[in-house]
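Accompanying notes for the structure given below.
The values are calculated or read from the model by the stated rules, or taken from the named source; none is laboratory data. These numbers come from a predicted model, not from an experiment. All Cβ positions, even for glycine, are placed from backbone atoms using ideal geometry, and neighbour counts span all protein chains on display. Surface accessibility is based on the protein's heavy atoms, side chains included, excluding ligands, DNA and RNA. Shrake-Rupley method; radii C 1.70, N 1.55, O 1.52, S 1.80 Å.
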Amino acid sequence: MTTSTLPPVVGTAPRWLAPVAVGIGALAATATLGSVDPEVRGHLIPGCPFRTFTGLDCPGCGGTRAVYALTQGDVARAFEHNVLVMLVLPLLVVAWAAWLAFRLGWRTRPLVLSARAGYTIATAFMVFWVVRNLPWVPFTWLGSGAG
Amino acid sequence: MAGYGTGQGGPPPGWYPDPDRPGNRRWWDGLAWTDFSEPLDASDGGAAPSGGPPPHPTTSGGGYSPGGGGFAAAGTTGPAGASGTAPNIDTWLWQSIVVTVLCCLPLGIVGIVFSSQAQTEISNRNYAVAQQKAKQAKTFTLIGGGIGLLSWLGMFGLFWLPFMFAI
């Protein structure tokens with residue numbers, strides 16, 4: 001197994017360090033969030049800059065509350081806060097696992113999405129961004145809302 | 001060929017299209033890219049390099065490492081060799097998605113679009129163009145991430161610090 005493909009500066013860190021670090025960071029952030037309800041004022045969870053300055057929802061709005069609901073085991077509520085984040089989260093977990101497997105040498109490449117899938121995701125984000133801000137009933141369910 | 005880790009090495013040493021400079025060719029020493037890059041339309045019409053290949057430079061000179069950071073390409077991404085296997089080019093798709101969700105900016109979506117374009121080029125085996133597109137995805141993602149981080153920090157300063165000092 002050749003290791004000379006890595007430049008000497010990087011060569012000292014184990015290859016699996018990056019995905020493990022990211023995984024630990026994500027777990028730590030989630031665990032911290034689990035103990036702090038973002039809906040209670042005074043808890044130091046930052047709001048969304050886009051929403052603060054425009055009053056409109058961005059695609060991620062409600063995401064923090066959604067993850068909090070997950071840590072409390074309330075999956076239904078999580079979907080109410082942000083459907084898109086709930087759909088993207090499992091995908092990110094799978095991608096992370098594939099990245100880790102790649103860095104451990106179990107796979108030849110990390111998770112690869114087709115171009116079509118990428119465009120679909122970009123479109124879905126844009127559509128979601130606009131649609132969740134529309135003031136008519138079916139769409140208001142997508143908004144992060146007051147609850 | 002994997003980017004690294006499965007031990008086979010890459011395509012044989014030779015001149016290959018420079019992934020970072022379309023229109024150039026770069027010497028691949030069999031294990032890594034080197035610093036030898038020259039225009040494709042050299043006077044020899046792109047034939048074998050005159051005087052034989054450049055002396056095999058070791059990668060101790062900081063072996064040239066094209067391709068961005070991100071998930072996959074911390075090392076080298078070799079050229080598509082005669083074996084036809086594709087190099088591991090990081091399209092920055094996942095990073096763009098994360099930035100879009102966390103930083104609430106359209107720049108993340110632009111990153112996703114460029115990532116998808118890069119993926120198309122990879123499917124069409126235009127690896128040099130794919131590298132360019134991936135680089136654009138990386139740029140937008142990093143800018144979006146930077147602006148997002150600054151706005152989070154700004155909000156912290158605007159709302160949290162006064163709250164702290166008011167007590």
key: Single condition A:Gly63 does not satisfy, out of (1) modelled with pLDDT of 80 or more; (2) more than 11 Å from chain B (Cβ to nearest Cβ)   = (2)
query = Any idea which of (1) free of Cβ contacts under 8 Å to residues at least 60 places away in the same chain; (2) over 17 Å from B:Thr91 (Cβ atoms); (3) of a type outside the set (A, V, I, L, M, F, W, C) is the one A:His81 doesn't satisfy?
reply = (1)
task = Spot the failing condition for A:Ala76; the list is (1) at pLDDT below 90; (2) within 12 Å of another protein chain (Cβ to nearest Cβ); (3) over 20 Å from B:Ile112 (Cβ atoms), and only one is missed.
result = (2)
key: Exclusive hit being within 12 Å of another protein chain (Cβ to nearest Cβ) and either farther than 20 Å from A:Ala76 by Cβ or not in a loop (DSSP other than H, G, I, E, B) (or both), set A:Leu134, A:Leu111   = A:Leu111
inquiry  = Quick check on my filter: what residues within region A:80-94 are buried (at least 17 other Cβ atoms within 10 Å of the Cβ) and in a helix (DSSP H, G or I)?
reply    = A:Glu80, A:His81, A:Leu84, A:Val85, A:Met86, A:Val88, A:Leu89
task = Would you mind finding the one in A:Ala97, A:Ala146 that is open to solvent by 40 Å² or more (accessible area, probe 1.4 Å), out of contact with any strand residue (DSSP E or B) (no Cβ under 9 Å at 6 or more places or on another chain) and modelled with pLDDT under 85?
result = A:Ala146
query = Can you tell me how many residues in region A:49-60 are crowded, with 16+ Cβ neighbours inside 10 Å, within 16 Å of A:Phe128 (Cα to Cα) and either at pLDDT 80 or above or not basic (Lys, Arg) (or both)?
reply = 5
note = When region B:104-132 is checked residue by residue, the ones that are open to solvent by 20 Å² or more (accessible area, probe 1.4 Å), assigned to a helix (DSSP H, G or I) and under 25 Å from B:Ser151 (Cα atoms) are B:Pro106, B:Leu107, B:Val110, B:Val113, B:Phe114
